[in-house]
1. Would region 65-124 count as rounded, prolate or oblate if I go by the C-alpha gyration tensor, calling it rounded below 1.5 in a/c and otherwise prolate when a/b exceeds b/c, oblate otherwise?
2. Over all distinct alpha-carbon pairs, what is the Kirkwood Rh of region 1-83 in angstrom?
3. Under a 5 Å amide H to amide H cut-off, with H placed in plane at 1.01 Å, what residues pair with ILE205 once short-range neighbours are removed?
4. Please give the peptides 169-175, 126-132 ranked by average Cβ packing (other Cβ atoms within 10 Å per residue), highest first, as a rough proxy for protection.
5. May I ask for the Rg/Rh ratio of the chain, computed from Cα atoms with Rh as the Kirkwood radius, given to two decimals?
6. Once the piece of chain linking ASP87 and GLU216 is laid out straight, how much longer is it, given 0.36 nm per residue of separation minus the C-alpha distance between them?
7. Output wanted: per-residue J couplings in Hz (rounded whole) for region 111-120, from phi through Karplus 6.51 cos²θ - 1.76 cosθ + 1.60, θ = phi - 60°, x for Gly and Pro.
8. Please list the helices of the chain that count as membrane-span-like by this rule: a mean Kyte-Doolittle hydropathy of at least -1.0 together with Cα atoms stretching 24 Å or more along the helix axis, each helix being a complete DSSP H run.
Amino acid sequence: MDAQKVLIVTGKGGVGKTTIAVNMAVLWAQEGREVGLLDADIHCPNIPRMLGIKPQGVEGLVEGIEPASPMEGLKVVSMALFLHNQDTPIAWRGPIKHGVIKQFISDSHWGKLDFLVVDLPAGTGDEAISAVHFLKEGVGALIVTTPQALSLMEVRRTAAFFRQLRVPIIGLLENMVDFACPYCEKSSTPFGKGEGKKVAKDLGIPFLGRISVDPEVARCADNGEPFINSLPQSEAACTLQEIAQRCKVLMEERMPLTLVTEILYK
């Protein structure tokens, strides 16, 4: 797969990682790029819901997986597309998840892609190791955090994890930074002021920017509408556009397609 591969990662859940993954993929597809969006969160696959895709979007595993295509230039593969009942829990151990991620990457009809955006579950578990193992080349990690002290603490652990896997870190994005009251317009910091920029500097990775809290962004996700489409003039959309542009530049610098990642995982 000759594409730049972006792992959207976090050490702590609830930071808006999947929202970032979905909207960044949609944004690049709107720019005329061929984009794959892989939902590697096997236990909590939410990407189809955020894109308004029904479970019937994927066909068969015998001759490969046909990704769902909610818009021109975007192909999506997710465990949720195979579930007849979205309330069904997925209780699988590591080896099974390893095999599923291999199928998602190797057996899906991705075609020629410019970018593959991979939404990984929070933490440093099997899914991340498997994804890096099978993607091999041109892989980089974009870390998402909130200003909360616990989340920022996990950034350090996450960065160390991907460095152990020899995966370049594209940068750090600080989400849900502040909130402007719609009535008095006073700004507050519900998750704390945060020190994302300082943490990025300490770790020697680029700081990509800050995105504010916007209740309309959450509404868009619940309704299956990427906010980059529904709220194109919003502060969140404008900021994400700048971050996505910077990501492309950094990927060219840090993720040459000749990079080979060595993982001892069988």
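1. Verdict is prolate for region 65-124.
2. Hydrodynamic radius (Kirkwood, Cα pairs) of region 1-83 is 13.3 Å.
3. Sorted by chain and number, the residues that satisfy this come to none at all.
4. Ranking the peptides 169-175, 126-132 by packing returns 169-175, 126-132.
5. Reported Rg/Rh, Kirkwood definition of Rh: 0.94.
6. Full-extension gain reported as 43.9 nm.
7. With the stated coefficients, region 111-120 comes to x, 7, 10, 8, 9, 10, 9, 10, 8, 9 Hz.
8. What comes out of the filter, once short or polar helices are dropped, is 235-254.
Quick note: the coordinates plus some simple rules give every number you see, no bench work behind them. Since this is a predicted model, take the numbers as computed values, not measurements. Positions of Cβ are backbone-derived with ideal geometry, glycine not excepted, and every protein chain shown enters the neighbour counts.
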